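See below for the structure under consideration.
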Amino acid sequence: MPQSSILNRQALYLKPDATRVIVRPFKPSTEPRHLHPRDKTRANEIVDRVLTLDAAATNDQLRDILDNFEGRHRNLLRQFELRADAMEDAFAHHQAFSQQQRQLIGAYFMNEYSFESSALFNPSIVPHPDQTGVDPGSRRVILSLRAVGEGHISSLTFRTGMIDVQGAVTIDPPVRLAGLPDIHATDGLAPAGCIGISFKSESDLSERVIFPVTEAQSNGIEDARFVAFEDEGTTIYYATYTAYNGASIRSELLETQDFLNYTLTPLHGSAARNKGMALFPRRINGRFAMIARQDSENLFLLYSDNLHSWDEGQLLMKPEFAWQFVQIGNCGSPVEIDEGWLLFTHGVGPMRRYSIGVSLLDKDDPSIILARTVEPLLQPEPTEREGYVPNVVYSCGAMRHGDLIALPYAVSDTYSNFTTMKISMLLDTMQPTGHRA
């Protein structure tokens with residue numbers, strides 16, 4: 001049976017939308033002192049200029065800003081005030097300010113950012129925690145996506161959708177607004193470096209954007225691999241992702257139970273220096289387990305008693321077929337079925353073309369590879385090979401839905417689509433190996 005014949009490619013084509021913007025802090029660049037010697041910072045001088053306006057002119061400026069921008073953001077004046085609160089150093093030379101002056105100053109130090117203007121890709125999928133009102137045999141889902149805007153800065157955004165009993169996928173259109181969370185400290189029991197973020201309860205899920213917060217994330221929160229983790233009757237949604245600061249990377253872990261409140265925690269240990277870690281959706285023999293790529297080519301199986309600390313694992317899989325001779329990597333967390341664990345993987349072949357395959361791991365001992373696809377399961381279609389990075393298909397996580405697998409995938413690092421497949425047909429395409437890592 002040809003591999004492609006088992007795929008039911010949808011035609012959703014989730015594409016980047018430059019009209020979706022967040023408002024974020026703006027910091028003026030600093031000129032070298034030999035070019036423009038100054039006693040004050042540029043921020044001090046901008047504040048000085050704003051304060052030359054009388055009350056009427058200040059209010060006119062605020063009214064003009066609101067006329068232009070208020071419908072594009074929630075609680076804009078409050079955001080201006082919060083920005084001013086964070087800029088006390090710029091107010092050092094001044095005694096008192098009116099509320100309107102603080103709001104206007106805050107506006108001068110914020111800007112709109114089109115967070116998904118360049119790309120909307122590398123998706124993963126999990127069941128929605130709220131299945132209220134869903135028809136029998138259908139399931140409400142949450143799709144996470146990597147959004148890229150100006151300066152190639154990556155953030156995390158979401159969509160909701162539905163998979164019906166036949167496997168047809170629909171994705172809800174996002175709301176017009178988009179916004180950032182509030183940042184707060186975590187309690188003393190949280191791991192070192194952990195931060196908490198929370199969105200307003202009235203916000204739609206598609207409105208919530210997790211943008212880089214820490215220095216380690218400053219150039220991007222990349223490739224979140226979400227998984228619904230079951231532990232002692234509780235479902236916790238975890239996502240491993242890559243934090244990138246423009247020069248170095250590290251793996252971090254996101255945790256939420258409601259997609260409203262989150263913690264973001266750096267992972268520790270020698271394995272966390274790399275990217276592409278994917279957590280199993282439950283403990284294996286009492287321990288946490290990960291699939292990871294500790295080098296540039298191969299996949300490893302890792303175990304840990306501490307969710308936030310991961311050291312070297314054992315070699316699980318290496319490139320064996322022509323379509324993956326350059327390197328392999330995981331396409332998200334393993335998916336549990338009756339026969340074992342389905343591990344979707346990508347392989348890189350000639351002309352740096354990415355393809356997706358799948359392996360079946362033993363349920364009790366995932367170091368045993370029971371079967372795998374010898375030929376690619378999913379490759380770039382002729383109509384899906386153009387984009388920011390041509391000839392790439394990539395996924396950060398699939399989901400089981402009854403007797404189907406739903407696999408969202410990215411197209412050429414630009415936009416996203418979906419395919420579904422029957423588990424029985426998928427297993428029929430795989431060749432037994434009986435291989436133990």
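The values are calculated or read from the model by the stated rules, or taken from the named source; none is laboratory data. The structure presented is a predicted model; accordingly, all values stated were derived computationally and were not measured. Don't worry about glycine lacking a Cβ; one is built from the backbone with ideal geometry, like all the others, and counts go over all protein chains shown. To get the accessible areas, we keep the full protein, side chains included, count just its heavy atoms, and leave off ligands, DNA and RNA. Shrake-Rupley method; radii C 1.70, N 1.55, O 1.52, S 1.80 Å.
Segment Gln100..Lys318, full-extension length gain: 72.3 nm, with 0.36 nm per residue of separation and the alpha-carbon distance subtracted.
Ignoring aspartates and glutamates fewer than eight residues from Lys40 along the same chain, the ones with Cα atoms less than 20 angstrom from its Cα are Glu31, Asp48, Asp85, Glu88, Asp89. At a probe radius of 1.4 angstrom, the accessible area of the chain per residue rounds to 44 square angstrom. Distances between every pair of Cα atoms in the stretch 92-136, grouped in 10 Å steps from 0 to the bin holding the largest one, split as 16, 22, 17, 19, 19, 7, 1 percent. Counting only protein heavy atoms and a probe of 1.4 Å, the accessible surface of the chain is 49% carbon and sulfur.
Label positions at Asp428 and Ala86, each projected 7 Å from the Cα along the C-beta direction, are separated by 5.6 nm.
Computed over the Cα atoms of the chain, what is the ratio Rg over Rh, Rh following Kirkwood? Let's see the in-between values first.
On the way: Rg = 23.9 Å, Rh = 23.3 Å.
Rg/Rh: 1.02.
For the stretch 332-385, the pair-distance distribution built from all alpha carbon pairs, in bins 10 Å wide starting at 0, is 24, 45, 23, 8, 0 percent.
For the stretch 248-353, build the convex hull from the C-alpha positions and give me its volume per residue in Å³. Could you put the intermediate results ahead of the total?
Working: hull volume 14.5 nm³, N = 106.
Value for the stretch 248-353: 137 Å³ per residue.
A full extension of the chain between Arg352 and Asp130 corresponds to an added length of 75.9 nm, given 0.36 nm per residue minus the alpha carbon distance.
For Leu14, Leu189, the ranking by accessible surface with the largest value first comes to Leu189, Leu14, using a 1.4 Å probe.
Is the shape of the stretch 30-171 best called rounded, prolate or oblate, per the rule: a/c under 1.5 gives rounded, else a/b larger than b/c gives prolate, else oblate, with a ≥ b ≥ c the square roots of the Cα gyration tensor eigenvalues? Walk me through the intermediate numbers first.
Numbers: a/c = 3.70, a/b = 2.29, b/c = 1.61.
Because a/c hits 1.5 or more and a/b exceeds b/c, the stretch 30-171 counts as prolate.
The calculated FRET efficiency for Ile337 paired with Thr186, based on their beta-carbon distance and R0 = 41 Å, is about 0.70.
From a point 7 Å beyond the Cα of Asp311 in the direction of its Cβ, which residues of the stretch 273-302 have a backbone N at a distance under 15 Å? Answer for the stretch 273-302: 273, 302. Cross-link pairs exceeding 31 Å in C-alpha to C-alpha distance, out of Lys15/Lys363; Lys318/Lys422; Lys15/Lys318, comprise Lys15/Lys363; Lys15/Lys318. Scanning residues 5 or more positions from Leu404 or on other chains, those with amide H under 5 Å from its amide H are Ile423, with H placed 1.01 Å from N in the peptide plane. Comparing mean-square fluctuations of Ile369, Ile46, Ile197 from a GNM of the chain with C-alpha springs under 10 Å, the top value falls on Ile46. For the stretch 274-290, backbone phi angles converted through the Karplus equation (6.51, -1.76, 1.60; θ = phi - 60°) give residue-by-residue couplings of 10, 10, x, 8, 9, 8, 4, x, 7, 5, 10, 6, x, 10, 5, 9, 9 Hz, Gly and Pro being listed as x.
Which of these, Ala55, Ala84, Ala322, has the largest mean-square fluctuation under a Gaussian network model of the chain (Cα springs below 10 Å)? Between Ala55, Ala84, Ala322, it is Ala55 that shows the largest mean-square fluctuation. Taking amide H as placed 1.01 Å from N in the peptide plane, Val411 has its amide H under 5 Å from the amide H of Asn122, Ser416, Asn417, each at least 5 places away in sequence or on another chain.
Dividing the summed helix terms, -39500 (n - 2.57) for each DSSP H run of n ≥ 4, by the number of residues in the chain produces a 222 nm estimate of -3500 deg cm²/dmol to the nearest 500. Here the calculated FRET efficiency for Asp365 and Glu202, from their Cβ-Cβ distance with R0 = 45 Å, stands at 0.45, rounded to the nearest 0.05.
Taking a point 7 Å from the Cα of Arg176 along the Cα-to-Cβ direction, the residues of the stretch 100-123 with backbone N closer than 19 Å to it are 112-117. Our coupling estimate for the stretch 220-232, obtained by passing each phi through the Karplus curve with A = 6.51, B = -1.76, C = 1.60 and θ = phi - 60°, is x, 9, 10, 6, 6, 9, 7, 8, 8, 9, 9, 8, 6 Hz, Gly and Pro reported as x. Running a GNM on the chain with Cα contacts under 10 Å, which residue among Arg74, Arg400, Arg63 ends up with the highest mean-square fluctuation? Judging by the Gaussian network model, the answer is Arg63.
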